[in-house]
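Quick notes on the structure that follows.
Coordinate-derived values only; no laboratory data. Computed from a predicted model, the values in this text were never measured in an experiment. Every residue, glycine among them, receives a Cβ derived from its backbone with ideal geometry; neighbour counts consider all protein chains shown.
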Amino acid sequence: MGEDFWMKQSFLLKIILLFLLINILNTLSFAEDTSYGTAALMVIVERETGSITVLDTSKHTLLGRVTGLGNLNHGTVKFSKDGRYAYVISKDAFVSKIDLLTLKVVKKIKGGNESIGGTISQDGKYLIMSNYSPGEVRILSSDSLENVKVISAIREYEGGRIQSSKVVGLVDAPGNLLIFSLMDSNGIWVIDAGEKDFPVINKFWDIGEKPFDGLITPDGRYYLAGFLESDWFGLLDTWEMKEVKRIPTKDINNASEKNTVPLWKIPHLKGWAIAAGLAVLPAVQREAALIYDTKEWKLIKELPLIGTALYTVASPDNRYVWVDLVGRNGDVIQVIDLKSLEVIKTFSPGKGATHPQFTSKGDTVYISLMDEDKVVVYDPSTFEKVREFSLKSPSGIFSVDRIYKFGM
């Protein structure tokens, strides 16, 4: 055969290979895109197995699970400033830095004996732990997780007695400040995380009995501490930093104890309960939501519930607040309309319903069903279930959009 024949065959082979390559590329272009960003992720704590599950809420898909994270019976999750990393803080004070794009642990350290959570500094440089044992604030580099500073939470009394305290209600605040409460010595401290030595710049004592948690308003103006044994909240104006005012938790004209119930669980205070110029907060040992005007910080209504509120979570449009209950009717969610200040919906998503978490624009709500090993997704407009996932003892749900919010 001549040279022309082989040239023609070679040309034909090239045409066939090009055709096959085009078909392969077209097939790949129509294949499901398995890449994702981090802005729409939810990180869900699986408390009994020491693991977290990551869901993509833009597609309502399960991306994967990360295990071996410690005792997560009160596990909390914080996020790096760029949304790339999640920091899981376990009850036994392990901190695991997880790459949300690979779902791999990039570093894990032990930061004490018992931790209740933490926060990220305003500038994103530090992960700060809120520790029960030893009672302290522990400041870590958010990059390396190396220990930067430990501040012991102690109170020195006249006569030389020194009392160590559990740290609760830790939040980040404008001006690169950190604010927290001392549970055992009834105080609020303020740290300047913008200074090299992290000085404690304010100490307020005898603010109330047994602070259990705290919140900062979305604008960073007010820090609010809740108490287990005092009938008020402690309010600190961060613009003034002069005093902690007492904000009553009971209507003085109706201060009856007739609806007191057991303390089934300690309620949670977070800035997600501030909406439409109102604060909707759980009452301690009462089946009620306390509604305050945040301009004057006056109690305007004690709204009866059919159980004890654990979380009060406002929708992103600030119109509604979803409340999960513990104790009596512990499987129930109640929805408060902030226009009428009434409960407009009571329903049970399933057993052990807890920790409602809205997607960033509020098109769906994720809810953990701890006693059914499920997370369910609801349409908040119709209250219809749109999706469910099988998870292992799910509890806390943490949206990556918390990186844009103080105190989260």
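Structure data summary
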| quantity | calculated |
| --- | --- |
| V148 long-range amide H proximity, modeled H, under 5 Å | I139, L140, S141 |
| Derived scalar couplings ³J(HN,Hα) [the range 191-196; Karplus, 6.51 cos²θ - 1.76 cosθ + 1.60; whole Hz; x for Gly, Pro] | 10, 8, 7, x, 9, 4 |
| Taking the C-alpha atoms of the range 111-262, convex hull volume expressed per residue in Å³ | 140 Å³ |
| Residues whose placed amide H lies under 5 Å from that of S58, excluding near-sequence neighbours | none |
| In nm, spacing of pseudo-spin labels at K245 and K81 (7 Å Cα→C-beta vector) | 3.3 nm |
| FRET efficiency, K203 to E229 (Cβ-Cβ, R0 25 Å, nearest 0.05) | 0.75 |
| Unit charges on C-beta of K, R, D, E only; dipole of the range 323-408, Debye | 180 debye |
| Cross-link pairs K59/K345; K345/K385; K59/K108 - those with Cα-Cα distance over 18 Å | K59/K345; K59/K108 |
| Overall dimensions of the chain by Cα: Rg and Dmax, Å | 25.1, 111 |
| Most mobile listed residue (A93, A273, A288) in the chain, GNM with C-alpha springs under 10 Å | A288 |
| Spacing of the two label points (7 Å from each Cα toward its C-beta) at K301 and K149, in nm | 4.4 nm |
| Only Lys, Arg (+1) and Asp, Glu (-1) charged, at Cβ; the chain dipole about Cα centre in debye | 320 debye |
| Farthest positive-ward along the chain dipole, Cα basis, beta-carbon charges - from T308, V43, I291 | V43 |
| Cα-based helix-to-principal-axis angle, 3-30 vs the chain, degrees rounded to 10 | 20 degrees |
| Trypsin sites (Lys or Arg not before Pro) restricted to the range 151-259 and DSSP loop, no more than 10 other C-beta within 10 Å | R161, K196, K242, K258 |
| GNM top mover of F227, F383, F79 - the chain, alpha-carbon springs below 10 Å | F383 |
| Alpha-carbon centroids, the range 84-118 and the range 301-375: separation in whole Å | 28 Å |
| Table column - 3J(HN,Hα) (Hz), the range 79-89, Karplus curve with 6.51, -1.76, 1.60, x for Gly and Pro | 10, 5, 4, 8, x, 7, 10, 10, 10, 9, 10 |
| Calculated FRET value between D192 and N113, using beta carbons and R₀ = 22 Å, to 0.05 | 0.25 |
| Förster radius 35 Å - calculated FRET efficiency between T61 and S340, Cβ distance, rounded to 0.05 | 0.45 |
| D219 paired with V386, simple spin-label distance in nm, labels 7 Å along Cα-to-beta-carbon | 3.2 nm |
| D371 long-range amide H proximity, modeled H, under 5 Å | G352 |
| Of all DSSP beta bridges in the range 111-262, antiparallel share, percent nearest 5 | 100 percent |
| Anchor K298: aspartates and glutamates whose Cα lies under 13 Å away (excluding residues fewer than 8 positions away in-chain) | D251 |
| Derived scalar couplings ³J(HN,Hα) [the range 359-373; Karplus, 6.51 cos²θ - 1.76 cosθ + 1.60; whole Hz; x for Gly, Pro] | 5, 4, 9, x, 6, 9, 10, 9, 9, 7, 10, 4, 8, 10, 6 |
| Relative contact order %, the chain, counting alpha carbon pairs below 8 Å whose residues are six or more apart | 11 percent |
| Top of I44, I201, I154 by mean-square fluctuation, Gaussian network on the chain, Cα under 10 Å | I201 |
